[in-house]
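Below is one structure, written out as structure tokens; the observations come after it.
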Amino acid sequence: MEPQSGDAWVAREYIKGRYQHEIATDIGVTSGAVCQRIERFCRSLGYPVRHSIYGPGRMVIARKALAEYQGEFIPPTDYDLKYRQAYADARHEHAWLLRAEGLTLQQVGDRFGVSRERAREMIAKFARRMNRAMRKARWRLI
């Protein structure tokens, strides 16, 4: 896996001592997306880091990965994030529709190549989104 210059930029900013929420605000993503970019960058250079590793331990791993990085540091655009989010939303909606058609969680999971539990999570996430939209629509009608 080739490291991306946007992920390298995020890791470099993190090493400089900036907080994840500050970096996230600069590039227009969530703090979780910043965390994922740091992890992806480190993993691409052979330094696996997990969500549970925070603070000095994560900083050391990111420094080692940056020392080996030979590419550019270009601030990431949120285009690929929006594309991935739209894809995930469509996938969750499709799982929800399959479940509404009567397929079991196992059948939905098999269709997507995920476990039954992951299929349940996808359906639940979309259902919460639909409930919020319906509540907002109800208030507009009143």
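Test Gln4 against the stated conditions and say whether it is open to solvent by 80 Å² or more (accessible area, probe 1.4 Å) and at pLDDT 85 or above.
No: the conditions fail for Gln4.
On the given criteria, is Val10 within 19 Å of Arg84 (Cα to Cα) and in a helix (DSSP H, G or I)?
Against the criterion (within 19 Å of Arg84 (Cα to Cα) and in a helix (DSSP H, G or I)), Val10 qualifies.
Tell me, yes or no, whether segment 61-80 has at least one residue that is more than 27 Å from Cys35 (Cβ to Cβ), surrounded by 11 or more Cβ atoms within 10 Å (Cβ to Cβ) and charged (D, E, K, R).
Among the residues of segment 61-80, not one is more than 27 Å from Cys35 (Cβ to Cβ), surrounded by 11 or more Cβ atoms within 10 Å (Cβ to Cβ) and charged (D, E, K, R), which makes the answer no.
Hey, does segment 38-58 have a residue that's in a helix (DSSP H, G or I), open to solvent by 90 Å² or more (accessible area, probe 1.4 Å) and at pLDDT below 85?
yes
Can you name the number of the only condition in (1) part of a helix (DSSP H, G or I); (2) closer than 27 Å to Val34 by Cα that Trp139 fails?
Here Trp139 meets the rest and fails (2).
Which condition from (1) at pLDDT 85 or above; (2) in contact with a helix residue (DSSP H, G or I) (Cβ under 8 Å, 6 or more places away or on another chain); (3) outside any helix (DSSP H, G or I) is the one that Leu66 breaks?
Single failed check for Leu66: (3).
For residues in segment 13-32 being part of a helix (DSSP H, G or I) and among the β-branched types (Val, Ile, Thr), which is least open to solvent (accessible area, probe 1.4 Å)? Break it down into steps so the answer makes sense when it comes.
Initial filter on segment 13-32 (part of a helix (DSSP H, G or I)): 13-15, 20-27, 31-32.
Next, only the ones that are among the β-branched types (Val, Ile, Thr) stay: 15, 23, 25, 27.
Numbers: Ile15: 35, Ile23: 0, Thr25: 106, Ile27: 21 Å².
In this case the residue turns out to be Ile23.
Can you run down the residue pairs with Cβ atoms below 9 Å, 6 or more apart or on separate chains, where the first is in segment 75-94 and over 15 Å from Ala119 (Cβ atoms) and at pLDDT below 75 and the partner is surrounded by fewer than 13 Cβ atoms within 10 Å (Cβ to Cβ) and not hydroxyl-bearing (Ser, Thr, Tyr)?
Listed pairs, sorted by first residue: Thr77/Gly28; Asp78/Gly28; Leu81/Gly28.
The values are calculated or read from the model by the stated rules, or taken from the named source; none is laboratory data. These numbers come from a predicted model, not from an experiment. Neighbour counts are summed over all protein chains in view; Cβ atoms, including those assigned to glycine, are modelled from backbone coordinates with ideal geometry. For accessibility, only protein heavy atoms count, side chains too; no ligands or nucleic acids. Shrake-Rupley method; radii C 1.70, N 1.55, O 1.52, S 1.80 Å.
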